[in-house]
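The values are calculated or read from the model by the stated rules, or taken from the named source; none is laboratory data. Just so we're clear, the structure is a prediction, and the values are computed from it rather than from any experiment. As a convention, Cβ positions derive from the backbone with ideal geometry for all residues, glycine included, and neighbour counts pool all protein chains shown. Note: accessible area is taken over every heavy atom of the protein model, side chains too, but ligands, DNA and RNA are not part of it. Shrake-Rupley method; radii C 1.70, N 1.55, O 1.52, S 1.80 Å.
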Amino acid sequence: MCRNFLPDPLPDGVVDELLDQARRSPSAGNAQAVEFCVVAQPERYWQLTLTPDRRAEFPWPGLLVAPVLVVVLTEPQRYVRRYAEADKAHTGFGEGTDSWPVPYWWVDAGMAVHNLLLGATAAGLGSCFFGAFEHEAAVIEGLGIPAGRRVVGTVALGHPSDQRPSSSATRPRRPLGEIIHYGDPP
(Lines give C-alpha, C1' and ligand atoms only; values in the text may rest on other atoms or scores of the structure.)
Protein backbone atom coordinates (compact mmCIF):
# COMPACT_ATOMS: atom_id res chain seq x y z
CA MET A 1 0.00 0.00 0.00
CA CYS A 2 1.34 3.36 -1.05
CA ARG A 3 0.52 6.15 1.40
CA ASN A 4 2.66 8.85 -0.17
CA PHE A 5 1.88 10.10 -3.66
CA LEU A 6 3.07 12.71 -6.08
CA PRO A 7 0.30 15.09 -7.21
CA ASP A 8 1.15 14.43 -10.88
CA PRO A 9 -1.85 13.53 -13.06
CA LEU A 10 -2.27 10.02 -14.39
CA PRO A 11 -1.94 9.27 -18.10
CA ASP A 12 -5.16 9.53 -20.10
CA GLY A 13 -7.15 6.32 -20.12
CA VAL A 14 -5.22 4.50 -17.40
CA VAL A 15 -8.03 4.68 -14.83
CA ASP A 16 -10.56 3.31 -17.32
CA GLU A 17 -8.16 0.47 -18.20
CA LEU A 18 -7.67 -0.38 -14.52
CA LEU A 19 -11.41 -0.35 -13.84
CA ASP A 20 -12.04 -2.52 -16.89
CA GLN A 21 -9.66 -5.08 -15.39
CA ALA A 22 -11.23 -4.73 -11.93
CA ARG A 23 -14.77 -5.32 -13.21
CA ARG A 24 -13.71 -8.65 -14.67
CA SER A 25 -13.18 -10.18 -11.23
CA PRO A 26 -15.33 -13.17 -10.17
CA SER A 27 -18.95 -12.44 -9.34
CA ALA A 28 -21.38 -14.83 -7.61
CA GLY A 29 -24.05 -15.77 -10.12
CA ASN A 30 -22.44 -13.24 -12.44
CA ALA A 31 -24.48 -10.64 -10.55
CA GLN A 32 -21.90 -7.96 -11.42
CA ALA A 33 -22.86 -5.71 -8.54
CA VAL A 34 -19.53 -3.92 -8.14
CA GLU A 35 -19.48 -0.31 -9.32
CA PHE A 36 -16.92 2.49 -9.14
CA CYS A 37 -17.16 6.21 -8.45
CA VAL A 38 -14.07 7.95 -9.86
CA VAL A 39 -13.14 11.13 -7.99
CA ALA A 40 -10.75 13.12 -10.18
CA GLN A 41 -10.87 16.05 -7.75
CA PRO A 42 -10.01 14.22 -4.50
CA GLU A 43 -10.43 17.35 -2.40
CA ARG A 44 -14.21 16.74 -2.72
CA TYR A 45 -13.77 13.36 -1.01
CA TRP A 46 -11.48 14.67 1.73
CA GLN A 47 -13.90 17.49 2.56
CA LEU A 48 -16.53 14.82 3.22
CA THR A 49 -14.32 12.56 5.33
CA LEU A 50 -11.52 14.52 6.97
CA THR A 51 -12.28 17.61 9.04
CA PRO A 52 -9.67 20.38 9.09
CA ASP A 53 -8.75 19.46 12.69
CA ARG A 54 -8.18 15.81 11.77
CA ARG A 55 -6.37 16.79 8.58
CA ALA A 56 -3.82 18.79 10.58
CA GLU A 57 -2.98 15.64 12.58
CA PHE A 58 -3.34 13.14 9.70
CA PRO A 59 -0.28 10.85 9.72
CA TRP A 60 -0.27 10.33 5.93
CA PRO A 61 -0.40 13.78 4.27
CA GLY A 62 1.04 12.27 1.08
CA LEU A 63 -2.14 10.22 0.71
CA LEU A 64 -4.15 13.41 0.44
CA VAL A 65 -2.38 14.43 -2.80
CA ALA A 66 -3.14 11.25 -4.76
CA PRO A 67 -4.58 12.56 -8.04
CA VAL A 68 -7.43 10.02 -8.30
CA LEU A 69 -9.62 8.25 -5.77
CA VAL A 70 -11.87 5.36 -6.76
CA VAL A 71 -14.75 4.68 -4.39
CA VAL A 72 -15.62 0.98 -4.73
CA LEU A 73 -19.33 0.26 -4.40
CA THR A 74 -21.56 -2.76 -4.22
CA GLU A 75 -25.31 -3.18 -4.61
CA PRO A 76 -26.48 -6.04 -2.36
CA GLN A 77 -30.00 -6.11 -3.83
CA ARG A 78 -28.55 -6.97 -7.24
CA TYR A 79 -27.55 -10.34 -5.72
CA VAL A 80 -31.01 -10.85 -4.28
CA ARG A 81 -32.61 -10.11 -7.65
CA ARG A 82 -30.17 -12.37 -9.48
CA TYR A 83 -30.75 -15.27 -7.08
CA ALA A 84 -34.52 -14.88 -7.40
CA GLU A 85 -34.18 -15.77 -11.10
CA ALA A 86 -35.26 -19.26 -12.20
CA ASP A 87 -31.79 -20.79 -12.44
CA LYS A 88 -30.83 -19.68 -8.90
CA ALA A 89 -34.18 -19.62 -7.05
CA HIS A 90 -33.60 -23.08 -5.54
CA THR A 91 -30.86 -21.55 -3.31
CA GLY A 92 -33.31 -19.39 -1.37
CA PHE A 93 -30.87 -16.48 -1.60
CA GLY A 94 -33.38 -14.49 -3.63
CA GLU A 95 -35.52 -13.98 -0.52
CA GLY A 96 -33.38 -11.14 0.82
CA THR A 97 -29.93 -10.21 2.01
CA ASP A 98 -30.51 -11.98 5.33
CA SER A 99 -30.82 -15.31 3.51
CA TRP A 100 -27.14 -15.22 2.52
CA PRO A 101 -24.89 -17.11 4.97
CA VAL A 102 -21.92 -15.26 3.44
CA PRO A 103 -22.67 -11.81 1.96
CA TYR A 104 -20.95 -12.32 -1.39
CA TRP A 105 -21.39 -8.67 -2.37
CA TRP A 106 -18.49 -7.91 0.00
CA VAL A 107 -16.44 -10.91 -1.19
CA ASP A 108 -16.86 -10.05 -4.86
CA ALA A 109 -16.08 -6.38 -4.24
CA GLY A 110 -12.92 -7.42 -2.40
CA MET A 111 -11.84 -9.39 -5.46
CA ALA A 112 -12.49 -6.34 -7.67
CA VAL A 113 -10.39 -4.21 -5.31
CA HIS A 114 -7.62 -6.79 -5.49
CA ASN A 115 -7.68 -6.69 -9.29
CA LEU A 116 -7.53 -2.89 -9.15
CA LEU A 117 -4.55 -2.91 -6.77
CA LEU A 118 -2.68 -5.50 -8.84
CA GLY A 119 -3.43 -3.61 -12.04
CA ALA A 120 -2.12 -0.38 -10.56
CA THR A 121 1.10 -2.11 -9.51
CA ALA A 122 1.49 -3.63 -12.98
CA ALA A 123 1.04 -0.14 -14.47
CA GLY A 124 3.83 1.22 -12.26
CA LEU A 125 1.46 3.17 -10.05
CA GLY A 126 1.01 3.29 -6.32
CA SER A 127 -2.31 2.40 -4.74
CA CYS A 128 -3.84 2.32 -1.29
CA PHE A 129 -7.15 0.84 -0.14
CA PHE A 130 -8.85 2.41 2.88
CA GLY A 131 -12.31 2.33 4.41
CA ALA A 132 -14.98 5.02 4.58
CA PHE A 133 -16.17 3.75 7.98
CA GLU A 134 -18.41 6.32 9.69
CA HIS A 135 -18.29 8.54 6.58
CA GLU A 136 -20.17 6.16 4.28
CA ALA A 137 -23.42 8.16 4.28
CA ALA A 138 -21.58 11.45 3.68
CA VAL A 139 -19.63 9.93 0.78
CA ILE A 140 -22.78 8.50 -0.81
CA GLU A 141 -24.66 11.77 -0.53
CA GLY A 142 -21.74 14.10 -1.28
CA LEU A 143 -20.63 12.24 -4.41
CA GLY A 144 -24.13 11.60 -5.74
CA ILE A 145 -23.82 7.83 -5.58
CA PRO A 146 -27.04 6.06 -6.65
CA ALA A 147 -29.39 4.73 -3.99
CA GLY A 148 -28.96 1.16 -2.81
CA ARG A 149 -25.18 1.15 -3.09
CA ARG A 150 -22.81 0.48 -0.21
CA VAL A 151 -19.28 1.83 0.01
CA VAL A 152 -16.75 -0.99 0.24
CA GLY A 153 -13.81 1.39 0.50
CA THR A 154 -11.69 3.77 -1.51
CA VAL A 155 -8.57 3.19 -3.58
CA ALA A 156 -6.10 6.05 -4.01
CA LEU A 157 -4.18 5.92 -7.27
CA GLY A 158 -1.13 7.86 -8.36
CA HIS A 159 2.58 7.97 -8.86
CA PRO A 160 4.33 6.86 -5.66
CA SER A 161 6.62 9.20 -3.77
CA ASP A 162 9.11 8.26 -1.06
CA GLN A 163 7.55 5.76 1.26
CA ARG A 164 7.28 5.78 5.02
CA PRO A 165 5.95 2.34 5.87
CA SER A 166 3.10 2.06 8.33
CA SER A 167 3.72 0.41 11.67
CA SER A 168 1.59 -2.50 10.47
CA ALA A 169 4.18 -3.27 7.77
CA THR A 170 6.63 -4.42 10.45
CA ARG A 171 4.34 -7.24 11.60
CA PRO A 172 5.67 -10.59 10.37
CA ARG A 173 3.57 -12.91 8.25
CA ARG A 174 2.14 -15.90 10.06
CA PRO A 175 3.97 -19.14 9.26
CA LEU A 176 2.37 -21.38 6.64
CA GLY A 177 1.94 -24.11 9.23
CA GLU A 178 -0.49 -21.88 11.14
CA ILE A 179 -2.66 -20.95 8.20
CA ILE A 180 -2.91 -24.08 6.06
CA HIS A 181 -5.43 -26.70 7.09
CA TYR A 182 -5.79 -29.98 5.23
CA GLY A 183 -9.19 -31.56 4.93
CA ASP A 184 -7.85 -34.99 4.08
CA PRO A 185 -7.50 -37.55 6.89
CA PRO A 186 -3.92 -38.21 8.03
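Whole-Hz Karplus values for segment 174-183 come out as 5, x, 3, x, 8, 10, 9, 10, 9, x Hz, taken residue by residue from phi with 6.51 cos²θ - 1.76 cosθ + 1.60 and θ = phi - 60°; glycine and proline positions read x. Close amide H pairs (under 5 Å, H built 1.01 Å from N) link residue 152 with 72, 73, 74, residues at least 5 positions away or on another chain. Sort segment 1-40 into rounded, prolate or oblate with this rule: let a ≥ b ≥ c be the square roots of the eigenvalues of the Cα gyration tensor; rounded if a/c is under 1.5, and if a/c is not under 1.5, prolate when a/b is larger than b/c, oblate otherwise. Because a/c hits 1.5 or more and a/b exceeds b/c, segment 1-40 counts as prolate.
When all protein chains stay in place and ligands, DNA and RNA are ignored, the 1.4 Å accessible-area order of 135, 90, 114, largest first, is 90, 114, 135.
Probing with 1.4 Å while keeping every protein chain in the model, the per residue accessible area of the chain equals 60 Å². Its relative contact order, with pairs defined as Cα atoms under 8 Å and 6+ residues apart, puts the chain at 33 percent.
Any chance you could tell me what percent of the C-alpha pair distances in the chain go past 19 Å? Counting every Cα pair in the chain, those more than 19 Å apart make up 65 percent. For the options 95, 75, 35, a Gaussian network treatment of the chain with springs between C-alpha atoms closer than 10 Å singles out 95 as fluctuating the most.
The solvent-accessible area of residue 168, taken with every protein chain present and a 1.4 Å probe, is close to 80 Å². For a modelled paramagnetic label at residue 84, 7 Å from Cα along Cα-to-Cβ, the residues of segment 91-113 in reach, with backbone nitrogen under 20 Å, are 91-106.
Under the simplified labelling scheme, the residue 182-residue 40 pair shows an inter-label distance of 5.4 nm, with each label point 7 Å from Cα along Cα→Cβ.
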